[in-house]
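Student: Mind looking over this structure? Questions follow.
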Amino acid sequence: MLLINGWLKLATGEFDKVSDKAVAMVEATNQEAGCLHYSFARDVADPDLIRIAERWESEEALGAHMASTHMAEFNKAMGSVKIEGADLWLYSAEAMKKLM
């Protein structure tokens, strides 16, 4: 299993310009084969800070996602906004235990 976790910091008000595209991309991604979880969330203290959390069954599933039409459309939309910073990490997970 692969985990992706991190954040994107956009300039003030920029996420509002792409939020519809983000919703469409998240909805489509959660329907993909091999996607176990995919979400974007605005930080409660900073609406221009976007938290990202993903779980994938395999590198192949993640690769298919990266090549998908909805990801290309979202990336095109993101090209029109100002990103002030990012910190996104890919982790390999060998064991999993439900906490709640």
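The values are calculated or read from the model by the stated rules, or taken from the named source; none is laboratory data. Here the structure is a predicted model, which is why all the values come from computation and not from measurement. Here Cβ is always computed from backbone atoms with ideal geometry, including for glycine, and neighbour counts include all displayed protein chains. For accessibility, only protein heavy atoms count, side chains too; no ligands or nucleic acids. Shrake-Rupley method; radii C 1.70, N 1.55, O 1.52, S 1.80 Å.
Student: Taking the dipole about the Cα centre of the chain, with the C-beta of Lys and Arg at +1 and of Asp and Glu at -1, give me whichever of SER19, LEU90, VAL44 is farthest to the positive side.
Tutor: VAL44
Student: Is the stretch 1-56 rounded, prolate or oblate when judged by the Cα gyration tensor, a ≥ b ≥ c being the square roots of its eigenvalues, rounded requiring a/c under 1.5 and prolate requiring a/b larger than b/c? The partial results should precede the final answer.
Tutor: Working: a/c = 3.21, a/b = 1.62, b/c = 1.98.
It comes out oblate by the Cα gyration axes.
Student: Counting only trypsin sites (Lys or Arg not before Pro) that sit in a DSSP loop (anything but H, G, I, E, B) with at most 12 other Cβ atoms within 10 Å, what is the longest stretch of the chain containing none of them? Can you show the working numbers first?
Tutor: Working: sites that count: LYS82, LYS97, LYS98.
Of all site-free stretches, the longest is 1-81.
Student: Right, next: Mind checking which of MET66, MET78, MET25 has the largest fluctuation in a GNM of the chain, springs on alpha carbons under 10 Å?
Tutor: Maximum among the listed residues: MET66.
Student: How much accessible area per residue does the chain have, in Å², with a 1.4 Å probe?
Tutor: Numbers: 6550 Å² over 100 residues.
Per-residue value: 66 Å².
Student: Cβ under 13 Å from GLU73's Cβ, GLU73 left aside: what net charge do those residues give with Lys, Arg +1 and Asp, Glu -1? Mind dumping the intermediate values first?
Tutor: Numbers: positive: LYS21, LYS76; negative: ASP20, GLU27.
Summing Lys/Arg as +1 and Asp/Glu as -1 gives 0.
Student: Still on this structure, please answer the following. Are there any GluC sites (Glu not before Pro) in the stretch 1-96 that are in a DSSP loop and have at most 11 other Cβ atoms within 10 Å? List them by number.
Tutor: On the way: sites: GLU14, GLU27, GLU32, GLU54, GLU57, GLU59, GLU60, GLU73, GLU84, GLU94; in loops: GLU32, GLU57, GLU94.
Taking the stretch 1-96 and a limit of 11 other Cβ atoms within 10 Å, the loop GluC sites (Glu not before Pro) found are GLU94.
Student: Expressed as a whole percentage, what fraction of the accessible surface of the chain belongs to carbon and sulfur atoms when a 1.4 Å probe is rolled over the protein heavy atoms?
Tutor: Percent of accessible area from carbon and sulfur atoms in the chain: 55.
Student: If you split all Cα-Cα distances of the chain into 5 Å bins from zero, what percentages do you get per bin, shortest first?
Tutor: Per 5 Å bin, starting at zero, the Cα-Cα P(r) for the chain comes out as 2, 13, 21, 25, 20, 12, 6, 2 percent.
Student: In whole percent, what relative contact order does the chain give with Cα contacts below 8 Å and a gap of six or more residues? Write out the running numbers ahead of the final one.
Tutor: Working: 160 pairs, mean separation 46.0, N = 100.
It comes to 46 percent, rounded to a whole number.
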